[in-house]
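No lab work stands behind these numbers, since they all come straight from the coordinates. If you're wondering where the values come from, they're calculated on a predicted model, not measured in any experiment. Cβ sites come from the backbone with ideal geometry, for glycine too, and all protein chains shown count toward neighbours.
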Amino acid sequence: MYIPYGHQSIDNEDIQAVVETLKSDFLTTGPKVAEFEKVVASYVGAKYAVAVSNGTAALHAACYAAGIGKGDEVITTPITFAASANCALYCGAKPVFADIDADTYNIDPEDIERKITKRTKAIIAVHFTGQPCDMDMIHKIARNHNLVVIEDGAHALGADYKGKKIGSLSDMTTFSFHPVKHITTGEGGMVVTNNKELYNRLILFRSHGITRDATLLSHNEGPWYYEQLDLGYNYRITDIQCSLGISQMKKLDKFLLRRREVAKRYDNAFADNKNIKIPYQLKECNNSYHLYTIQVLNYDRRQVFDKLRSIGIGVNVHYIPIYKFPYYRDNGYKDIICNNAENYYEHCISIPIFYGLTDKEQEFVIDNINDLCR
Ligand SMILES: *Cc1c(COP(=O)(O)O)cnc(C)c1O
C-alpha cells in the first residue's frame, strides 16, 4: 500500500469528454478553451479568464500584463513553489521575500510594508495550502503604495475570503491544473481578472504577442494579415486539456467538500496531541485544503518523515524557503533569512489529502502519526 499526499480523481465522464474532443475538428485552440475559461471565470466570480499551458505560464503572463520589468521589485513569500518568485525573474524583476505569519503561514502584511522600496511594483500573494491571505491588509498596502496585486491561487481554487471566492478580489489571480491541484487538465493554468486592459495583454502574451484584431493593427494588408505587437510566447493550452478541465469543474464542489471533511477529521484527531500543531482556523475564510500541513513539535521531523514514508505514507515537505536554493543563493540571496519561514520549514510535514482518500487510509495515517508523536 502507498498513500500519496495528493492525487487526481478522473472518472469515465472525464475520459469520455477527452475522447469526444479527440474526435472533433479542434485539438488545440478551439471552442473548449473559451468554454473552460467561461466556466472557471463564472465559478470564481471574475469577468475575464485566459487559459494557458500551466500555472507557471499563468504567473509569467500575469507579471507581463502588470508591466513588471527590469529594475522592478516584486514582494512574495518564501514558503511557496519556486514559480511564485521565478515569474518575476522571467520579466527581469527582482523577487523580494517577506516573511510569513507564524500562525497562518501566509505572507505577513507587516513584513510586506517593511520590504517596500521605491522600486516595488507588485505583491504576489500565495494562498498557501488554500488558506486565504489577509487580502484586506494586502489591498490596503497596495493602494497606499500604488502596487499591483497578483494572487497565486494555485492552492486556492474554491477557497473563500470573507464570503468571496479567490479569483474575484485582485488585479489578477492565477490557477494551476497540475494533477495534485483541486482539478486537473494534466498540465494547465489560468489567469482571471476583472480588468479588460489586463485581459487584452494576457491574450496577446499567450500567443507570441501576435494579433489579428483589426482594432490593434497598425495597418491592414489583407485577410491574411496579422502583426506581432510585442514579444510573447506559445503558452497556449489545448482543447483536449480544456475538455478535461470542463468536466473536472463539474466535480469541484464535491472535491472541495471531501477535502474539507478530511481536514476536519485530521483537526479532530490531532487536537489533543501537544506534539502536533494543526493548521490555523481563520474565522471569516474557507480554506480549500490543497495541502494539509502539520508542524511536528518536540520530535525530530526527519525521523517522523522517514518512518511515515517507510510504511507507505507519501508525506512531503512544502516548502523549502525559495531563497535557500543554490540558484537564488548564487544570485544575491545568500544573506536572506526569514525567521518564521525557517522555523516553519524545520517542522512541517504535508500529509495525505485528496478526494479519493478513503476513511480507512486516513485512519492509518492518523494512527501512525499519533503513535510516532505520542
Ligand atoms: C503548482 C504551483 C504553481 C505552478 O503551477 P504549474 O501548473 O505546475 O506550473 C505555482 N504556484 C504554486 C503555489 C503552486 O503550488
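Obtain the radius of gyration and the Kirkwood radius of region 164-267 from its C-alpha atoms and give Rg over Rh.
1.11
Could you bin all the Cα-Cα distances of region 79-205 into 5 Å bins starting at 0 and give me the percent of pairs in each, rounded to whole numbers?
Histogram of Cα-Cα distances, whole percents per bin: 2, 10, 20, 25, 23, 14, 5, 1, 0.
Going by how many other beta carbons lie within 10 Å of each one, how would you line up S24, S247, S84, fewest first? Each step should come with its number before you reach the end.
Working: S24 14, S247 22, S84 27.
Starting with the residue having the fewest Cβ neighbours, the order is S24, S247, S84.
Pick from D103, D335, D272: which is most flexible by mean-square fluctuation in a GNM of the chain where alpha carbon atoms under 10 Å apart are linked?
Among D103, D335, D272, the largest mean-square fluctuation in the Gaussian network model of the chain belongs to D335.
How big is the Kirkwood radius of region 215-360, worked out from every pair of different alpha carbons and given in Å to one decimal?
Working: mean 1/r = 0.0504 Å⁻¹.
This gives a value of 19.8 Å.
From the P(r) of the chain, can you give the percent of Cα pairs sitting at distances over 31 Å?
Considering the chain, 37 percent of its Cα-Cα pairs are separated by more than 31 Å.
If I histogram all Cα-Cα distances within region 195-250 using bins 5 Å wide from 0, what percent of pairs lands in each bin?
Pair shares across the bins are 5, 17, 20, 17, 18, 12, 7, 3, 1.
What's the angle, to the nearest 10 degrees (0 to 90), between helix 301-310's Cα axis and the longest principal axis of the chain?
For 301-310 against the chain, the angle is about 80 degrees.
Taking the highest mean first, how do the peptides 3-13, 127-137 order by number of other beta carbon atoms within 10 angstrom per residue?
127-137, 3-13
Taking each pair of different alpha-carbon atoms in region 1-95 once, compute 1/r for the pair, average those values, and report the inverse of that mean as the Kirkwood hydrodynamic radius in Å to one decimal.
Evaluated over region 1-95, this radius sits at 16.4 Å.
Would you mind checking the tilt of helix 239-249 against the longest principal axis of the Cα atoms of the chain, expressed as 0 to 90 degrees and rounded to 10?
50 degrees
Summing -39500 (n - 2.57) over the DSSP H runs of n ≥ 4 in the chain and dividing by its residue number, what mean residue ellipticity at 222 nm do you reach, to the nearest 500 deg cm²/dmol?
-11000 deg cm²/dmol
Using alpha carbons only, how many degrees (0 to 90, rounded to 10) separate the axis of helix 12-22 from the longest principal axis of the chain?
Once rounded, one gets 20 degrees.
What fraction of the DSSP beta bridges in the chain is antiparallel, stated in percent and rounded to the nearest 5? Present the calculation step by step, with values, prior to reporting the outcome.
Values: 25 of 41 bridges.
The answer is about 60 percent antiparallel.
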